[in-house]
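Every number in this text was worked out from the coordinates using simple rules, so none of it is lab data. Here the structure is a predicted model, which is why all the values come from computation and not from measurement. Every residue, glycine among them, receives a Cβ derived from its backbone with ideal geometry; neighbour counts consider all protein chains shown.
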Amino acid sequence: MSRIIVAVLALPAALGQDKPLQGSWNRVLSIKPGAAARVKTAGAKKPVSGKFAGASEDAIRIEGKGGVTSIPRTGVERVSVARRKKARNAAIGAAIGAGAGAGISAVSIANRKTTPFLNFTTLEIIGGSVAGALFGIPAGLVSGAGHTTVYSADVKPKRP
């Protein structure tokens, strides 16, 4: 039993070892070309948005409406990319919604004072599950929207 507890407690540390710091420019170099990206530059009110066109040790290139913009690394405060897990988030939303719908239907059936002429309890629970899933899909899509920061210039490595 104690081995299981130690393994569970050590898992987050083991999984986090292969991720570089947010301050690491290597994460910018590994972005796939064409990914939706935003670059916050020093002194700018709005970030530069567009498709990631590439990066080198000295600069990042973003393809926007007006063409490709090259931003020197020294002027980059933060780089973020759009999350691409829409199908997973929709599936999670559907599962949560279906479970909630089935639970609400079951509670509603259990609280009835009279017995209906025909017993549709199974169909009612299935209907509640389907309705819940239909509400859960868009909720899952919306909850997963946004950007993930891959580089932040102000992140400093912790000293031991």
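For segment 48-60, residues that are exposed (fewer than 14 other Cβ atoms within 10 Å of the Cβ) and touching a Lys or Arg at 6+ places or on another chain (Cβ under 6 Å) total 1.
Residue check: is residue 70 surrounded by 12 or more Cβ atoms within 10 Å (Cβ to Cβ) and out of contact with any Ser or Thr (no Cβ under 8 Å at 6 or more places or on another chain)? Judged against the criteria, residue 70 is a match.
In segment 30-60, the residue that is nearest to residue 147 (Cα to Cα) out of those that are among the polar types (S, T, N, Q) and assigned to a strand (DSSP E or B) is 49.
Residue 63 meets the stated requirement of being assigned to a strand (DSSP E or B) and surrounded by fewer than 18 Cβ atoms within 10 Å (Cβ to Cβ).
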